[in-house]
1. Only one of these is touching a strand residue (DSSP E or B) at 6+ places or on another chain (Cβ under 8 Å) and in the same structural domain as residue 6 (by TED's automatic domain parsing): 76, 58. Name it.
2. Scanning the range 144-165 for residues that are free of Cβ contacts under 8 Å to residues at least 60 places away in the same chain and closer than 18 Å to residue 20 by Cβ, which turns out surrounded by the fewest Cβ atoms within 10 Å (Cβ to Cβ)?
3. Of all residues in the range 52-79, how many are outside any strand (DSSP E or B), in contact (Cβ under 8 Å) with a residue 24 or more places away in the chain and either within 18 Å of the chain's Cα centre (by Cα) or surrounded by 20 or more Cβ atoms within 10 Å (Cβ to Cβ) (or both)?
4. In the range 175-190, what residues are buried (at least 17 other Cβ atoms within 10 Å of the Cβ) and outside any helix (DSSP H, G or I)?
5. Take the residues in the range 109-132 that are assigned to a helix (DSSP H, G or I) and without any contact (Cβ under 8 Å) to a residue 12 or more places away in the chain, then tell me which one is nearest to residue 8 (Cα to Cα).
6. Residues 82, 106: which one is under 16 Å from residue 68 (Cβ atoms), at pLDDT 95 or above and not in a helix (DSSP H, G or I)?
7. Out of 88, 45, 36, report the one residue that is under 29 Å from residue 169 (Cβ atoms), out of contact with any helix residue (DSSP H, G or I) (no Cβ under 6 Å at 6 or more places or on another chain), surrounded by fewer than 17 Cβ atoms within 10 Å (Cβ to Cβ) and at pLDDT 95 or above.
8. Could you say whether any residue in the range 22-35 is out of contact with any strand residue (DSSP E or B) (no Cβ under 9 Å at 6 or more places or on another chain) and in a helix (DSSP H, G or I)?
């Protein structure tokens, strides 16, 4: 049994999707970011950086933070959603790291400057819009060469990218300009495990 501490954000949504894909038993503990629960001592005992998600293995008591690390752990623990050959694993890892280092931070900044700042910052919006468009283009080009992010097989790399790239409407991104990303989003969105993971996240975190 796992306990997933999360909020209904792109990083939070990754974990229930993976757990559903892997048929693992879990429960969701909602973390109210607006109320600052991520800064409470109890939560920071699980993640000293005060960020969601955190996944706790109730059998061992082990707590793991950082969504990419959690996805990698689940793939390793189950032997699924990750190639077994070294080149395939390396490919998944490089795309996982790209998502964590570039896609999440850049798209997150664009969302913040579009929706959360009290004053409009035209320079910031222009910068993060350009970078977000560039990253959508990178993924669109990648999907011209393979059916999924890290190759022809569905892996944790797809799970890492999906919740972020699915926010294109909130980000003001014309998804039709990236037809391969659009097709990939539709294919992943039709997966039963993805639907269940998103639904359970919404239900568990609803205020």
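1. 58
2. Among residues in the range 144-165 that are free of Cβ contacts under 8 Å to residues at least 60 places away in the same chain and closer than 18 Å to residue 20 by Cβ, the one surrounded by the fewest Cβ atoms within 10 Å (Cβ to Cβ) is 148.
3. 10
4. Across the range 175-190, the qualifying residue is only 178.
5. Checking each candidate, the answer is 112.
6. 82
7. 36 is the lone residue from the list that is under 29 Å from residue 169 (Cβ atoms), out of contact with any helix residue (DSSP H, G or I) (no Cβ under 6 Å at 6 or more places or on another chain), surrounded by fewer than 17 Cβ atoms within 10 Å (Cβ to Cβ) and at pLDDT 95 or above.
8. no
The values are calculated or read from the model by the stated rules, or taken from the named source; none is laboratory data. Every value quoted in this text rests on a predicted model; they were computed, and no experiment measured them. Reconstructed Cβ throughout: ideal geometry from the backbone, glycine too, with neighbour counts over all protein chains shown.
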